[in-house]
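The values are calculated or read from the model by the stated rules, or taken from the named source; none is laboratory data. Just so it is clear, the structure is predicted and the values come from calculations on it, not from any experiment. Positions of Cβ are generated from backbone atoms using ideal geometry, with glycine treated the same way; all protein chains shown enter the neighbour counts. Each accessible area value is taken on the protein alone, full model and side chains, heavy atoms only, with ligands, DNA and RNA left out. Shrake-Rupley method; radii C 1.70, N 1.55, O 1.52, S 1.80 Å.
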Amino acid sequence: MPFLLRIIRKSKWYKAADAVESAPSDFPADPLADLNTKENKLSVWYVHEDKSNLERIAAAIGATRDFLVPLDYALFDYDLASNVKIELSSSDGSTHDKHVNVAWHRDLIELSALTLVDIARELAKRMDRIPEKEIGQLIATAVANGQIDESKLSKNILAKLEIG
C-alpha cells in the first residue's frame with residue numbers, strides 16, 4: 001500500500017506518539033502546527049509502496065531549505081484518505097525538482113478540523129528522520145543527476161556540500 005508523506009518537526013510530536021497509544025482521545029495540540037492548511041488543503045507527497053521515490057522527494061524538499069538540516073517526516077497509509085473520506089487532488093509542488101513537483105505532490109482537500117486530528121493521529125504512528133549528512137548526499141546526487149539545478153540551492157547548502 002502506498003503512503004502519503006508530510007514534513008513535520010519531530011520535537012513537536014513525541015507526546016503525540018505517546019497519546020496515540022495511551023490516551024487516544026487526548027491528543028496534544030502542538031503537532032497540529034505542522035499541519036497548517038490553506039483553503040482547507042494540506043500539502044502532502046505520494047510515496048510508492050516500496051518507498052523507491054522517498055529519497056528523491058527528500059532531496060527535493062531538503063534542497064528548498066536555507067540550511068542543510070535533518071528532514072523530519074511522517075507517513076500515513078494512502079488508503080486512510082479514502083477510509084476517512086478525504087479527497088485527494090494532484091497539484092504542483094514547489095521544490096527545485098520539477099519531476100517531483102508534478103509526479104508526486106498531492107493536496108488533501110476540503111479538510112475539517114476533526115479530519116486534521118485524525119490525520120495527526122496517524123502521522124504520530126510513523127515518524128522518521130533522515131539525518132543531515134544523508135540529506136546532503138541525496139541533494140548532491142540529485143544535482144549530479146540533473147534533477148536539481150545547483151543554482152537554486154542556498155549559499156549555505158552549496159558551501160556545506162562543496163559544490164558550485
- prompt: Taking a threshold of 20 Å on the Cα-Cα distance, which of the pairs K51/K85; K10/K133; K51/K125; K98/K152; K133/K160; K133/K155 fall above it?
  reply: K51/K85
message: Full-extension gain between N83 and Q137, please, as 0.36 nm times their residue separation minus the C-alpha to C-alpha distance.
response: 15.8 nm
message: Can you give me the distance in nm between label points at H48 and D149, each placed 7 Å from the Cα along the Cα-to-Cβ direction?
response: 2.7 nm
Probe 1.4 Å, protein heavy atoms only - accessible area per residue of the range 1-129 in square angstrom: 53 Å²
H48 accessible area, assembled protein chains, probe 1.4 Å, Å²: 60 Å²
- line: Among [x] 22.0, 67; [y] 16.1, 50; [z] 17.6, 54, the value of Rg and Dmax of the Cα atoms in Å computed for this structure carries the label [y]
